Amino acid sequence: MKTWLTTTDHKRIGLLYFWTAFGFFLIGGLEALIIRAQLARPDGGLGVSAETFNQLFTMHGTTMVFLALMPLSAAFFNFIIPLQIGARDVAFPRLNAFSYWVFLLGGLFLNASFIAGPLFGADRLSVAPMRGGSATRTSRRASFRQVPMSISGSWDYRSWASHRWRRASISS
Amino acid sequence: MLRLPPFTWMTLITQFLVITAFPVITVALVLLMFDRFFGTHFFVPQGGGDPILWQHLFWMFGHPEVYILILPAMGVVSEVLPTFAKKPLFGYTVVVYSGVVIAFLGWSVWSHHMFSSGLGPIADSVFAGTTMLIAIPTGVKIFNWIGTLWGGQIRFTTSLLFAVGFIAMFIIGGLSGVSHASAPSDLQQTDTYYVVAHIHYVLFGGTILGLFAGMYYWWPKMTGRMLSESLGKVHFWLTLIGMNLAFFPMHFSGMLGMPRRIYTYSSDLGVTGFNQVSTIGAFLIGLATLVFFWNLLRTRWQPVTAPSNPWGGSTLEWAIPSPPPVYNFTVIPTVESRMPLWQTERHAPMRPLPERPPAAIHVPGGSWWPLITAIGLPILAIGAISRALPIVFVGVAVVILGIYRWAYEPFEM
C-alpha cells in the first residue's frame, strides 16, 4: 500500500490514473442515467426536482470532461509515452506523482459537494454567471465547483512539465 | 523528431495546448472567485462588469480544451490502425502537421460558442470562417486513416473495431459541428439538443471510442494480461448501437426546439419519442460499460502471460516484456526508423534488447512529499469555502512545507 502512495514510477501512476478515471467515468455515467430516466417522459419521468437536475447535468459534464476523459488520456500518456521514446521514466517523476494526487483530491472534493453542500446551506449550483446576478450571492455549493476546478486543473501543468523528456535515445 | 510515434506527437501537441489554455481558465476562475468571495464586479453589470468577459475568457480556454480532449484519441487511432492493417500510417508527416495546424487554428475559433451573445455581424462572420477552416486539417487526418486501412491486411480485433468506430462517429459529430460553424444556422441550434448531439458524438463517439481502442490495445502491455476478445466485441457493438440510439435522435429533438438543461418538457413539443429512444440508448451504454468493467476485472485472476508484442506492433513499447520491468529498457535503444520493430524499405527490424541489463540500473525510490504537498490544497480549499482563514493558512503551510522538503529531499544512495 505504501508503495502505491509514494510511487514515482510512471507505469504505476498511469495505472492509478486509469482506475481513478474509470471510477469517475462510472459516476458521471450514473448521473447521465438519472438524467435520461428523468427525460424519458415529458412531465418528469423520475420526479427529479429542477435544482437536483441542474446539479446532475453540471456534475455529469464536469466529471466526464475533467475527471474521466482527460485523466484516462493521462493514464496512457503516463504509461506509454516513456516506453515509446525509449526512456526510463518521465523527466520529473515526483512532479508527475504530485499531478496525480492533486487530480484525485480535486475530484473527490468536487464530488463531496453532493454531501457537504447541504451542510453549508447552499443553493443553486451555478455553471457560470450566465445572467450576471448570481455571482454576488454567496452560494457555497457553487464554490465547491469553482475552487476544485482550479485545483484539479493545476495537475495539467505538471503533466506538461513531465513531458520535457530526454530524447537522448533517438539518434538524429 | 519525425521518427516519434504518432501518439507521442499528438500528446506533445496536446501539452502545448494545455500549457497555454489552462492559464486562461485559471484567470477566469480567479476573477470569478474574487467576485464570489470578495465582492468584486468583474462579471457583474451592476458594478460595471460584464458577463460577456466571462464568456470570452471561458471559451478561449474551452475551445482549445476540446482539442486537448480529441488529439490524444486521434493519436491512439493513428497507432492502432497501422498495427491491425499491417501497413505504416499513411501520410505520417501530414498527419503530424495537421495535428499542429489543428492546435494552432484552435485558438482562432472561440467565439463560435458566442454566436447568440450579440457580438455583431463582423465578429460572427470572422469566427464562422475560422471555424470552417479548421475542418480542413481534420479532414486530412481522416483521409490518411482511410489510406492506412486501404489495401491493408486487416485483423478485426476489438481495438481496431473501436478505432474504425471512432472514425465513423467522429465524422458524424464533425458534420454537426460544421453546421454549427455557420452563425445563422447556429442561431437555431444553439442551446438546443442539437448541440448535445454534436458534443456527444465527438466526445463519446470520438474521444471515448478512441480511448477504448487504446485500452484494448495497451492493456496487455500495462498489465501482462489479455482482455477477452469476445467480451470486447459485445462491449463494442452494445456501445456503438447504444450511443447511436442515445444521441442520434437528439439532432431531431434539437431541431424541433427542445432546449438544453431542462428537466421537463411539454408533450406538445413532439419530442417525447426521441427522448424515449435516447433513454434506451443510454441504458444500453450503461450495460456495455458493465460488460467492459467485467472484462477488466476478470483479468485480475489471470496469470501474467501476455507476450511482449501480442499484436505485432512496430513501436518501442512492444520491444519489452508485458508488463515492463521497473527500469523499462535493459539498454536504451538507438532508434533509426519510424517503425523500429518492423522490416521497412530502408531499415531492418531493431535487434532484440538484451534480457538482462549489463550493469545494475538505479531506479529512484518513492517519495511521500508529492502526496503531502497535494493534501495541502484541499485543506486550503475547505478553509476558503467555509470562510475560515486559519484553515487556509494551515493548507498553505502544508503546501510550502511539502515543497521545501521535496526540494531538499536527499538522493538515495
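The values are calculated or read from the model by the stated rules, or taken from the named source; none is laboratory data. Quantities reported herein were computed from a predicted structural model and do not represent experimental measurements. Here the Cβ positions follow ideal geometry from the backbone for every residue, glycine too, while neighbour counts run over all protein chains shown. Note: accessible area is taken over every heavy atom of the protein model, side chains too, but ligands, DNA and RNA are not part of it. Shrake-Rupley method; radii C 1.70, N 1.55, O 1.52, S 1.80 Å.
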Could you order B:His198, B:His63 so the one with the most accessible surface comes first? Probe is 1.4 Å. B:His198, B:His63
Simple spin-label model, 7 Å along Cα-to-Cβ: A:Lys2 to A:Thr52 in nm? 4.5 nm
Take the solvent-accessible surface of the protein heavy atoms, probe 1.4 Å, and return the percent of it on the range B:6-317 that carbon and sulfur atoms account for. 74 percent
Carbon and sulfur atoms account, in whole percent of the 1.4 Å probe accessible area of the range B:366-413, for 80 percent
Hey, what's the per residue convex hull volume over the C-alpha atoms of the protein assembly as shown, in cubic angstrom? 155 Å³
Listing of the range A:84-99 residues, each with accessible area lower by at least 30 Å² in the full protein assembly than in the chain alone (probe 1.4 Å): A:Gln84, A:Gly86, A:Arg88, A:Arg94, A:Phe98
Distance in nm between label sites at B:Glu355 and B:Leu231, each 7 Å beyond Cα in the beta-carbon direction? 3.2 nm
Computed FRET value (nearest 0.05) for B:Lys86 with B:Trp368, which takes r as the C-beta separation and R₀ as 41 Å: 0.30
Residues of the range A:64-79 buried by at least 10 Å² on assembly (accessible area, 1.4 Å probe, chain alone as reference): A:Val65, A:Phe66, A:Leu69, A:Met70, A:Leu72, A:Ser73, A:Phe76, A:Phe77, A:Phe79
If each residue of separation counts as 0.36 nm, what is the full-extension length gain between B:Met255 and B:Gln343 once their alpha-carbon separation is subtracted? 26.4 nm
Relative to the present Cα-Cα distance, how much length would full extension add between B:Ile280 and B:Ser108 at 0.36 nm per residue of separation? 58.1 nm
Cβ-derived FRET efficiency at R0 45 Å, B:Phe156 paired with B:Leu269, nearest 0.05: 0.60
Which whole-number value in Å² is the accessible area per residue of the range B:366-413, probe 1.4 Å? 61 Å²
Roughly how big is the B-A contact, given as buried accessible area in Å² (both sides, 1.4 Å probe, nearest 100)? 8700 Å²
If the elastic network links every pair of Cα atoms under 10 Å, which of B:Leu203, B:Leu287, B:Leu119 fluctuates the most in the Gaussian network model of chain B? B:Leu119
Name the residues whose placed amide hydrogens come within less than 5 Å of the amide hydrogen of B:Thr192, ignoring near sequence neighbours (fewer than 5 apart) on the same chain. B:Arg260
Under the rule that an exposed site lies in a DSSP loop and has at most 12 other Cβ atoms within 10 Å, name the longest stretch of chain B with no chymotrypsin sites (Phe, Trp or Tyr not before Pro) of that kind, not counting the sites themselves. B:157-407
Out of B:Val30, B:Val396, B:Val304, a Gaussian network model of chain B with alpha-carbon springs under 10 Å gives the largest mean-square fluctuation to B:Val396
Compute the FRET efficiency between B:Ala388 and B:Val27 as 1/(1 + (r/R0)^6), taking r as their Cβ-Cβ distance and R0 = 35 Å, and round to the nearest 0.05. 0.85
If the cut-off is a Cα-Cα distance under 23 Å, which lysines reach A:Lys2, setting aside same-chain residues fewer than 8 apart in sequence? A:Lys11
Under 1.5 on a/c is rounded, so check that first for chain B, then, if it is not, pick prolate when a/b is larger than b/c and oblate when it is not; a ≥ b ≥ c are the square roots of the alpha carbon gyration tensor eigenvalues. oblate
Cβ-based charge dipole, the range B:157-276, positive-most Cα from B:Leu209, B:Tyr193, B:Leu227: B:Leu227
In whole Å, what are the Cα extents of the range B:214-308 along the three principal axes, biggest one first? 59, 21, 19
Taking the Cα centroid of the range B:222-237 and of the range B:253-286, what is the distance between the two, rounded to the nearest whole Å? 32 Å
